[in-house]
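Read the structure below first, then the notes.
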Amino acid sequence: MIPVTAIEHQTKLLIFYEFLEIFTEKILTTIEWSPKVQKALNEIFKLDKFRPLQLETINVTLSKTDCMVIMPTGGGKSLCFQLPAVIDTGITLVVSPLVSLMEDQLWMLKTLNINAETLNSSCSKEHVKYIQNEMVDKNSNLKILYVTPEKLAKSKIFMNKLQKMYELGRFKRLVVDEVHCCSTYGHDFRPDYKFLGVMKQLFPELSILGLTATATQSVIDDIKKILNISKCVLFKASFNRPNIFYEVKQKPVNNEEFINELANLIKKKFPQQSGIVYCFSQRESEYSIVNYCINNKTCKRKLIAQHFNDDIWENKGECNEMCDSCKNKAQNQIEKVDVYQEANLVLGILDKNSNKSDKRLTANKLAELVLSEINSKNKKSDTYPNNLNLNEIETLILTMLMNNYLKEDFHFTPYNTICYVIPGQLARHLEHDDHFYIDLIRKNQAVQN
């Protein structure tokens, strides 16, 4: 057998996907339910065409096959189960983590005259009884029922109704929205989602459709195991959103300066536009996002593609200068700078304060002390010729954190969590090294002149 190289394999894979795009549209519109699907799309949902992977997902779930879909926010995941529910008999059960999300979808479905309901803790006893009767009524026109994972995990009465609904042939499919919540590797793990693992045991002929916007390979594998859908069909849309510009900005140390800068950014750069500002609910470090922020050499889209194992885009996609790394490539020159002296200075300052509980240092305070020492020594002699500024010192400290020369030391108070910096496992090895390199942005002199 002639060995196939990695490049040959990737080339064949790309050719296969290009062929699939041409072939898919023909084959997926000639299935027995295709006329109903197209009619529902046009007449009920008032849409002209499907977005990528929607029709494929709809056909798989209508064929009673387990399926998992990873599709960016705004990619049209909801239609993947709402349309099949409309043209199918029986009820599609949708598990969703937030009542607000359920209510938004419920409102939209009502405007389209689609019979959908929800069961949550705020429902009256009369409403609960009405829904339970609808679940087992063969003449009911209820199509979609939204519930929280807690409702399944903690209500024996509801599970009993589901059993009867299944026996009557009215339980058509289980949809798990935000399915990454099942996995402990996911960023939004919800313990009650674990209960969904028994659904295949209780309802062996039931098809499951899992939906999420983001999931790494480890999360995907964990979800398959938890839900007992190891042989499910996996559809994975590209993470890439060509209209989004990716940029990392330095956050001011002073909180008031930060608020003012954020307000000015919103007012001047995004006037009369809607958006979302995400805030950390607690002080914590995610090394993957830290690495993403300080990596100015690699395309931001490529870093995201690597994180989500999107090999197709990584090898074929174009950023078109829609991230700060690519846009500023001409103006900025990335230099590998030896900061061995400065790294030892960082450890030296920490060592002076390591035995003083009242002088423990946060990363910000440590950076300020290092800058002060560099400026003080360079006034007398060229001790630190790199002449690092505060931002560059912060990059040095983050690099040392990610490579175990430093580590975080969390302290909890009744009011907040404070993260101090202390020497890491490899700190003592630095004195035996000769170099310590980091990538720093230097302005391109040719552009400046």
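No value in this document is a laboratory result; all are computed from the given coordinates. Keep in mind that what you see is a predicted model, and the values were worked out from it rather than measured. Glycine also receives a Cβ, built like all others from the backbone with ideal geometry; neighbour counts cover every protein chain displayed.
Tabulated data for the structure shown
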quantity	calculated
Most to least packed among 257-267, 130-140 [average Cβ atoms within 10 Å]	130-140, 257-267
FRET E, pair ASN403, CYS123, Förster distance 56 Å, beta-carbon r, rounded to 0.05	0.60
Folded to 0 to 90 degrees: helix 125-135 orientation relative to the chain principal axis, Cα	70
At R0 = 56 Å, FRET efficiency that the Cβ-Cβ distance of LYS156 and ASN344 yields, to 0.05	0.30
Other-chain or far-sequence residues with amide H under 5 Å of TYR146's (modelled H)	VAL94, GLU117, THR118, LEU119
Label-to-label distance, nm, for residues given as ASN115 and GLN163 (7 Å Cα→Cβ offset)	2.6
Under 12 Å, Cβ to Cβ, from ASP338 - net charge with Lys/Arg +1 and Asp/Glu -1	-4
Ordering of 72-79, 385-392 by burial proxy (mean other Cβ atoms within 10 Å per residue, highest first)	72-79, 385-392
Segment ASP433-GLN331, length gained on full extension (0.36 nm per residue, minus Cα span)	33.4 nm
Cβ-Cβ FRET estimate between LYS377 and ASN260, R0 fixed at 35 Å, reported to 0.05	0.60
In the stretch 335-448, lysine pairs with alpha-carbon atoms under 18 angstrom apart (chain gap of 8 or more, or interchain)	8
Computed helical MRE - 222 nm, the chain, DSSP H runs ≥ 4 contributing -39500 (n - 2.57), nearest 500	-12500 deg cm²/dmol
Tilt relative to the chain, helix 6-27 - C-alpha long axis, 0 to 90 degrees, to 10	30
Percent of alpha-carbon pairs separated by more than 38 Å within the chain	41
Cβ crowding within 10 Å averaged over residues, with 82-95, 426-439, 42-55 ranked highest first	82-95, 42-55, 426-439
Spin-label model distance (nm) - ASP104 vs ASN416, 7 Å beyond Cα toward Cβ	3.0
Relative contact order for the chain, counting Cα pairs under 8 Å that sit 6 or more residues apart, in percent	13
Neighbour net charge for ARG173 - beta-carbon separation under 13 angstrom, K R +1, D E -1	+1
